[in-house]
Amino acid sequence: MNFSWRRARSIAYKEYKHIRRDPFTLAVTLILPLLFVGLFGFVIDLDYKNLRVYVRDNDQTSVSRRFLQEVASSGYFKLLPVHGQLELERALMRNDSPALMIIRQGFGRNIRNAQPGQVQLLADGTDNVQAGIMGTYIQGALQQAAAIFAKENPDISSLSAPAGERIRSRFLFNPELNSRWFIVPALSTIIIGFLAIVLTALTVAKEWENGSMELLLSTPVRPAEIVLGKLMPYFLLTFVDVLVVFVLALYVFRIPFLGSFALYMTACGVYITGALALGLLISVVTRQQQAAIQFAFAAGLLPSFIFSGFIFPIENMPLFFQYFTALFPQRWFLLISRTVFLSDAAPAVLGGALLAIVAFAAVMILLAVHKFKTDVEP
């Protein structure tokens, strides 16, 4: 018996009727993307701001005061001046600040002589990420203050500035280093990777528990037609979520979209297909909703957070895990999503990532069809 599009459309129409009668599925599909975007887009902010830092200025010159103005105006620090050794010790005993900054004597003289200024930063090392970022912020403020002082005092402009003060940094694609530009484009990876798998895993597993799937398998419908018919309505439903996240990213978070829209939509379509097929495979293997939801969580959330590069940079992982992450489509789709949002890279540059997603989707569909065949044949 050959493949029939009419039978596949009939399965798709049956699934469409099932979705319409299931308000829980529709609610999860429409509400979950908004929750994800609200949680990650508004709540999570990787930028450190208004850090309470005690300051002791032992130089007390116009140059040191200008440096402190630059530090305070950056928005990263809330400076709390302390005077005298006793007040300094009391401030440290309160332990309500992650750092203490001490401006050494001769700071202004060194800057006037085009030499590096001496600033000591005592940071709380229990949060090593915060401590490292504070050091970077302080160094940037020091360079900015030195540059402003040189501009306002042209009489010393002929002096050679130290190498550190000649550095001029420019951040491409994300000039302000806004963490939301880093997080929001990757949200579709998590939403699709979890929602699509859960939708097909739970609904089909429910049919196994109710016995309706056995009745369907006893009809002349072929396994490939069942798989395609099951995927089509959920594909459209999940694609709506992709469009919701895309619109929120552009018009709520004001994230630019500089790449190829056609490439992004193509990658979304292929990634959705692979995730839906994986959920279908989970339902066929488990045949129980409780087991299906556990596997769906593991297959949808863990790779999206751990092996995609969303939280942990892949380059910092051991070599084995760097290669291991290549097995998960989340890594490649996240790469495409961030690249097409923030840069105008040529589609050929992302061709390898797109092929990896296509390969994953093809393997999942073949496995789902094969599993259905083994269930049909005695």
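The values are calculated or read from the model by the stated rules, or taken from the named source; none is laboratory data. Given the structure is predicted, the values throughout are model-derived calculations rather than measurements. FYI the Cβ positions are ideal-geometry reconstructions off the backbone, even for glycines, and counts take in every protein chain you see.
Here are the numbers for this structure:
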quantity: Cβ pairs under 6 Å, 6+ apart, first in the range 19-45 and farther than 16 Å from Val245 by Cα, second of a type in the set (D, E, K, R) and surrounded by 13 or more Cβ atoms within 10 Å (Cβ to Cβ); calculated: none
quantity: Among (1) within 29 Å of Asn2 (Cβ to Cβ); (2) modelled with pLDDT of 85 or more; (3) among the hydrophobic types (A, V, I, L, M, F, W, C) - the single one Val221 does not satisfy; calculated: (2)
quantity: Qualifying residue in the range 238-255 (condition: polar (S, T, N, Q), at pLDDT 75 or above and under 25 Å from Leu281 (Cα atoms)); calculated: yes
quantity: Residue, surrounded by the most Cβ atoms within 10 Å (Cβ to Cβ), within the range 282-297, restricted to residues that are closer than 22 Å to Ala362 by Cβ and either over 27 Å from the mean Cα position of the chain (by Cα) or without any contact (Cβ under 8 Å) to a residue 24 or more places away in the chain (or both); calculated: Ser283
quantity: Output for the range 298-321, where each listed residue is surrounded by 14 or more Cβ atoms within 10 Å (Cβ to Cβ) and polar (S, T, N, Q); calculated: Ser304, Ser308
quantity: Hey, Val349 buried (at least 20 other Cβ atoms within 10 Å of the Cβ) and either modelled with pLDDT under 90 or under 16 Å from the mean Cα position of the chain (by Cα) (or both) or not; calculated: no
quantity: Any hit, the range 353-361, residues being under 16 Å from Gly259 (Cα atoms), more than 13 Å from the chain's Cα centre (by Cα) and not in a loop (DSSP other than H, G, I, E, B); calculated: yes
